[in-house]
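As structure tokens, the structure follows; a few thoughts come after it.
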Amino acid sequence: MIKDITLGQYFPGDSTVHRLDPRFKIVISGIFIAMLFIGDHVICLEIGAIFVAMALILSLIPIKMIIKSIRPIIPILLFTSVFNLFFISGGMPLFEWKFIKITDAAVHTTIFMIVRIILLIAGTSLLTYTTSPIALTDAIERLLSPLKKIKVPVHDLAMMMTIALRFIPTLIEETDKIISAQKARGVDLDGSKLMDKVKAIVPIIIPLFVSAVRRASELATAMECRCYRGGEGRTKMRQLKSSIADYVSLGIAILFMASVIFINVLN
Amino acid sequence: MENFAESVNLDFKYDGEDVLVLKDINISFKQGEMTAVLGHNGCGKSTLAKHLNAILLPSGGTVYIDGIDTKDENRIYDIRQRVGMVFQNPDNQIVATIVEEDVAFALENLGVQSDEIRRRVDEALKAVGMYEYRMHAPHQLSGGQKQRVAIAGIIAMRPRCIVLDEPTAMLDPKGRAEVMKTVKELNSKYGITIILITHYMEEAAQCGRIIVMDRGKVLMDNSPKQVFSRVEELKAVGLDVPQVTELVYELNKYGLKLDTHIINENECCDALLKLLS
Amino acid sequence: MAILKTEELTYVYSQGTPFEKTAVDHVSLEIEKGEFVGVIGHTGSGKSTLIQHFNGLLKPTSGKIYLDGEDIWADKTKIRQVRFKVGLVFQYPEYQIFEDTVYKDIAFGPKNMKLSENEIDGRVRRTAVSVGLTEDILNKSPFELSGGQKRRVAIAGVMAMEPEVLILDEPTAGLDPKGRDMILSQISHYHKTTGCTVLLVSHSMEDVAKFASKILVMNDSKVFCYDKTAEVFKRTEEISSMGLSVPQIARVFNILKNKGLSFDEEVYTVKYAKELIIRELKKRGKI
């Protein structure tokens, strides 16, 4: 069932990482991503790994959860690995058979890529695991608020994101229900022909669309009733407050980044 | 008691249509009253409700809320803050992904300071008995709980009046009972004027006053006892009466002479005991 | 012979995850052909999960379901045929309407059954009449109709498949009293004229009291009781403590019983209450 997919990855908790200011967490994640891509030496990746490991330990998120978030990308990893292994030339050949040739450079690049992507996924899922979607949206809205000056509708975008997040579970549930209802009327979703499958989608998409429009219009009225009038003059209940921990974390991230750059320059 | 809300010769039709959805409606609501509005689907009761907080504006006549003309554009948010609305589908009125954020929504829109919002949100959640659920996501709640969150989101604005448009229609009996208990408490404890649109006659019987609408007009406006005693007229406009009232009506049709103003179980029991002893 | 039979039917949601929940727990039931069964239970009692097993939408985690004596999962490729024999109308069925005319939407199920054009036409017109839709509505867009009409179109869409068992999940939810009575009496009429088996799922004993010959009460994923309507109403106190609504009239007679005025039979409809009181008055020589 579609319902079983975990969406909105937030993993509630009260760890040091959970308590960090989401704005800082986003900036730190940005630094972390940059660190992974700038570093082209093994030590750089090791530094990245240490950074994630530290964050993971502090966040008290079970390692199982991280593995779970990496699992879906394994096929992509395998595919690109094979691709890299066979098509990167240069370096010493390690294995040769007819037209297939694998070089040490290819192995090196492939392992590098795999580790880099795994670290990337691990780091970013830590961000979503420890930060509620609403805090994330909030933080993005504030980080982007300087853009308001050049007429970017930052508040509206953030509002849209909040509503989308709010309605994802509702619409997933609804899709499940519509699929069941149409199956009960004989829709064959397991048909083998492509045409049959396309045909079977129509009775699901149309009701879903109609329902989304109805929900949107009802929600709009409800928001109007609660005095919604855009971002102007709006206040927030949750004030984002940065603490010493935030600055310390940011400092550590910058330190890690600096060492990566330093190693790069050395080589 | 002063009139909190009042409609004077209110007419309404949708743009580009000829049919009047509301015809010459003159009603008023006193502060602290609890009124049920009955009528079959399409009788105009929801349209009337939307006039009470300036979501719709009259095509003819005037609606006053706390003395403010709803056509006064400058005061539209004064009106909406005074009259809150709760709708039928609990899912389609919750905006935020966390309960307490949703309750804060209206206050944030009104530009209230953050510590004041915090205080009022906690207060509102406690008033509807949802304080322990403040960190939950809406989809983790039952229908009745979602509806109570929606009510909390309204009372955080400290309105003088709440209009509920079939708040219990999509709920199970447990959820319905929860919502009714909450609504009655808001009325008795805080003196909030309640206007409850419903299809459940037993809920209407718990209000102090019932308005029956039919084809855009007010057909009856009286106490539950008076309204429910007019069984035939109610059935003619597609409505029901509580089962106890119907029993009395049926027995009287047979030739007995029971009090036609019986609307709840205890009254019915007493009457039957007297009859049979 | 039982048309539907379950043996130790069990269904577990999200098995193997932290959200694992047993929704139906070792349910063994036999539903007789032609019966009108009221299925009641509060939200989360397992009633909705149970009925989705009857037409093979859900596959039991363990246990068996028999339709007309045949295990419906014996041959997986035939499960679609089961869905045509056991029609299921979901809650708020008007939200599954998708065709641009009422006619086409009602014809959707029969078309999937690969019936002949003639047969489909006959069925659409017949069921439209039985749910009280007039000829002129058939060519309208379903999205123009009122809520109550849409609901009836959706119900007709399942009835047109002429299933042997018709299951309706809360068919009256959200309707006004008139719409509610209309749909219930149409279902009852359909039951009488076609002789099919009907399962009516509801939160409210009041809805099912008038029509059901038997009532199945689900509680905590298990069958609380399954018996003749009058027998089930003997347990109103237990049932209302489960968070289900008992008809007001039944509550009145319960109070009377507690006050020492008891009748031999259970009272759950106004009509019956009237008869009983008049009979009692005559017996006591008051009229």
(message) Sorted from largest to smallest, which semi-axis lengths in Å does the alpha carbon gyration tensor of the range C:2-246 give for its equivalent ellipsoid, taking the root of 5 times each eigenvalue?
(response) 29, 22, 17
(request) Normalising by the residue count of chain B, find the relative contact order in percent from Cα pairs under 8 Å and 6+ residues apart. (result) 22 percent
(request) For the range C:122-130, take each phi angle, set θ = phi - 60°, evaluate the Karplus expression 6.51 cos²θ - 1.76 cosθ + 1.60, and give the result in whole Hz per residue in order, putting x for glycine and proline. (result) x, 5, 4, 5, 4, 5, 4, 4, 5
(request) Please give, to one decimal in nm, the separation of the simple spin-label points placed at B:Glu233 and A:Asp14, each 7 Å out from Cα toward the Cβ. (result) 6.0 nm
(message) Please report the net charge: other residues with Cβ closer than 10 Å to the Cβ of C:Lys214, K and R +1, D and E -1.
(response) -3
(request) Note down the relative contact order for the range C:2-246 as a percent, whole number, built from C-alpha pairs under 8 angstrom at least six residues apart. (result) 27 percent
(request) Report the antiparallel proportion of the DSSP beta bridges in the range B:3-222 as a percent, rounded to a multiple of 5. (result) 50 percent
(request) Sort C:Thr17, A:Thr137 so that the residue with the fewest other Cβ atoms within 10 Å of its own Cβ comes first and the one with the most comes last. (result) C:Thr17, A:Thr137
(message) Give me C:Arg284, B:Arg118 sorted ascending by neighbouring Cβ count inside 10 Å, so fewest comes first.
(response) C:Arg284, B:Arg118
(request) Report, in debye and to the nearest 20, how large the dipole of the range C:2-246 comes out about its Cα centre when Lys and Arg carry +1 and Asp and Glu carry -1 on their Cβ. (result) 240 debye
(request) Of the DSSP beta bridges with both residues in the range C:2-246, give the percent that are antiparallel, rounding to the nearest 5. (result) 50 percent
(request) Would you list, by chain and number, the aspartates and glutamates whose Cα falls below 19 Å from the Cα of C:Lys259, excluding same-chain residues fewer than 8 positions away? (result) B:Glu265, B:Glu267, B:Asp270, C:Glu237, C:Glu238, C:Glu280
(request) With N set to the residue count of the range A:192-267, report its C-alpha Rg divided by 2.2 N^0.38 Å to two decimal places. (result) 2.28
(request) Would you mind checking the pairs C:Lys228/C:Lys271; C:Lys85/C:Lys140; C:Lys76/C:Lys214 and listing those with alpha carbons more than 22 angstrom apart? (result) C:Lys85/C:Lys140; C:Lys76/C:Lys214
(request) With label points built 7 Å along Cα→Cβ from the Cα atoms of B:Asn252 and B:Asp69, find their separation and express it in nm. (result) 4.5 nm
(message) I need the calculated FRET efficiency for the pair A:Ile57 and C:Glu7, taking r as the beta carbon distance and R₀ as 56 Å, to the nearest 0.05.
(response) 0.65
(request) Go through C:Asn219, C:Gln248, B:Gln31 and say which Cα lies farthest out towards the positive end of the charge dipole of the protein assembly as shown; charges sit on Cβ, +1 for Lys and Arg, -1 for Asp and Glu. (result) C:Asn219
(request) Net charge near A:Pro133: determine it from the other residues with C-beta under 12 Å of the C-beta of A:Pro133, scoring Lys and Arg +1 and Asp and Glu -1. (result) -1
(message) Counting only Cα atoms, I'd like the Rg/Rh figure for chain A, Kirkwood definition for Rh.
(response) 1.06
(message) With +1 on the Cβ of every Lys and Arg and -1 on the Cβ of every Asp and Glu, and nothing else charged, how large is the dipole of chain B about its Cα centre, in debye rounded to the nearest 20?
(response) 380 debye
(request) Put one equal scatterer on each alpha carbon of the range C:170-287, apply the Debye formula with no solvent term, and list log10 I(q)/I(0) at q = 0.12, 0.13 1/Å to two decimals. (result) -0.51, -0.59
(message) What's the whole-number percent of alpha carbon pairs in the range C:107-249 lying beyond 20 angstrom?
(response) 52 percent
(request) Can you pull the one-decimal nm distance between simple spin-label points at A:Ala245 and C:Lys234, each 7 Å off the Cα toward Cβ? (result) 6.3 nm
(request) May I ask you to compute the full-extension gain from C:Ser14 to C:Thr194, defined as 0.36 nm times their residue separation minus their alpha-carbon distance, rounded to one decimal in nm? (result) 60.9 nm
(message) If the elastic network links every pair of Cα atoms under 10 Å, which of B:Gln206, B:Gln145, B:Gln243 fluctuates the most in the Gaussian network model of chain B?
(response) B:Gln243
(request) Could you state the angle between the C-alpha long axis of helix C:147-159 and the longest principal axis of the C-alpha atoms of chain C, as a value from 0 to 90 degrees rounded to the nearest 10? (result) 70 degrees
(request) Work out which GluC sites (Glu not before Pro) in chain C are exposed loop sites (DSSP not H, G, I, E or B, at most 14 other Cβ within 10 Å) and give the longest gap free of them. (result) C:21-264
(request) Kindly give Rg over Rh for the range B:86-193, based on alpha-carbon atoms, with the Kirkwood expression for the hydrodynamic radius. (result) 0.93
(request) Net charge near A:His18: determine it from the other residues with C-beta under 13 Å of the C-beta of A:His18, scoring Lys and Arg +1 and Asp and Glu -1. (result) -1
(message) Of the candidates C:Tyr226, C:Tyr13, C:Tyr66, which one comes out as most mobile in a Gaussian network treatment of chain C with C-alpha springs shorter than 10 Å?
(response) C:Tyr13
(message) For C:Lys283, give me every one of the aspartates and glutamates with a C-alpha distance below 16 angstrom, ignoring sequence neighbours fewer than eight places off in its own chain.
(response) C:Asp264, C:Glu265, C:Glu275
(request) Output the antiparallel fraction of DSSP beta bridges having both residues in the protein assembly as shown, as a percent to the nearest 5. (result) 55 percent
(request) Show the residues, 5+ positions off or on another chain, whose built amide H is closer than 5 Å to the amide H of C:Thr61. (result) C:Thr10, C:Tyr11, C:Val12
(request) Pairs to check: B:Lys30/B:Lys189; A:Lys183/C:Lys21; B:Lys23/B:Lys45; B:Lys184/C:Lys178; B:Lys225/C:Lys274. Give those whose C-alpha atoms are more than 19 Å from each other in this structure. (result) A:Lys183/C:Lys21; B:Lys184/C:Lys178; B:Lys225/C:Lys274
(request) Can you tell me the dipole magnitude for chain A around its Cα centre, using point charges on the Cβ only (Lys, Arg +1; Asp, Glu -1), in Debye to the nearest 20? (result) 680 debye
(request) Given the options A:Arg226, A:Arg215, A:Arg166, state which has the largest fluctuation in a GNM of chain A using a 10 Å cut-off (strictly under) for Cα springs. (result) A:Arg226
(request) Assuming R0 = 60 Å, can you tell me the calculated FRET efficiency for the pair C:Lys76 and B:Lys126, based on Cβ-Cβ distance, to the nearest 0.05? (result) 0.65
(message) Can you give the FRET efficiency to the nearest 0.05 for A:Ile206 and C:Arg284, using r as the Cβ-Cβ distance and R₀ = 45 Å?
(response) 0.10
(message) Based on the alpha-carbon set only, what is the convex hull volume of the protein assembly as shown divided per residue, in Å³?
(response) 212 Å³
(message) Whole angstrom only: what separates the Cα centroid of the range B:162-229 from the Cα centroid of the range A:125-141?
(response) 41 Å
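No value in this document is a laboratory result; all are computed from the given coordinates. Being a predicted model, the structure only gives us computed values, none of them experimental. Cβ: placed from backbone, ideal geometry, glycine included. Neighbour counts: every protein chain shown.
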